[in-house]
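First comes the structure, then the notes that go with it.
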Amino acid sequence: MNDCIFCKIINREIPSTIVYEDDLVIAFEDISAQAPVHTLVVPKKHIKNVLELEDPQLMAAVFNAIRKVANSKGVDESGFRLIANTGDAACQTVKHLHFHILGGKQLTEKMD
Ligand code: AMP
Ligand code: ZN
């Protein structure tokens, strides 16, 4: 996936602030943070969206990384929002599966 910006981050072709990494998953800071904590958790394999996340080992690795990032960012106690925009109606702009971890402030009830 030559044109994928997240594959380029994973391959260190473009810079990012990486906060967690293991064999299967990477997490880095969103370049346009919408909250004091805004980290993206991304499988290293190029998967388009959550509907293509079929591999149980990768699923487990993604959620393990989400827990690790939530802990290290200090939002485990306070709470955070986990978002996976999927497809055009949800305004998914990067077509490589990613989970947004948003927190560090009181978020609103608004989900749209
Ligand atoms: P989505 O709309 O769910 O596809 O979210 C894509 C997210 O990727 C947005 O929040 C962007 O700010 C973020 N993003 C785009 N390019 C980069 C980049 N080079 N480094 C970090 N985050 C990025
Ligand atoms: Zn990709």
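The values are calculated or read from the model by the stated rules, or taken from the named source; none is laboratory data. Predicted, not measured: the structure shown is a model, and the values here were computed from it. With ideal geometry, Cβ positions are generated from the backbone for all residues, glycine too; neighbour counts draw on all protein chains shown. Quick note on the areas: whole protein, heavy atoms, side chains included, nothing else; ligands and nucleic acids left out. Shrake-Rupley method; radii C 1.70, N 1.55, O 1.52, S 1.80 Å.
Rolling a 1.4 angstrom probe over the protein heavy atoms with all chains in place gives segment 10-112 an accessible area of 61 Å² per residue. Using a simple spin-label model with pseudo-atoms 7 Å out from Cα toward Cβ, residue 33 and residue 8 lie 2.3 nm apart. Over segment 1-69, the reciprocal of the mean inverse Cα-Cα separation, the Kirkwood hydrodynamic radius, stands at 12.5 Å. Based on C-alpha pairs under 8 angstrom that are at least 6 apart in sequence, the chain has a relative contact order of 30 percent.
With a Förster radius of 22 Å applied to the C-beta separation of residue 106 and residue 64, the computed FRET efficiency comes to 0.25. Taking a straight Cα-Cα cut-off under 17 Å and skipping sequence neighbours fewer than 8 places away in the same chain, the lysines within cross-link reach of residue 105 are 73.
The calculated FRET efficiency for the pair residue 95 and residue 72, based on their C-beta separation and a Förster distance of 25 Å, comes to about 0.35. Quick one: with all protein chains in place, what share of the accessible area of the chain is carbon or sulfur, to the nearest percent (1.4 Å probe)? Whole-percent figure for carbon plus sulfur exposure: 52. Below 20 Å, Cα to Cα, which lysines can residue 44 reach? Residues fewer than 8 away in the same chain don't count. Within the straight-line limit of under 20 Å, residue 44 reaches these lysines: 8, 68, 95. Packing, taken as the mean count of other beta carbons within 10 Å per residue, orders the peptides 106-112, 87-93, 31-37 from highest to lowest as 31-37, 87-93, 106-112.
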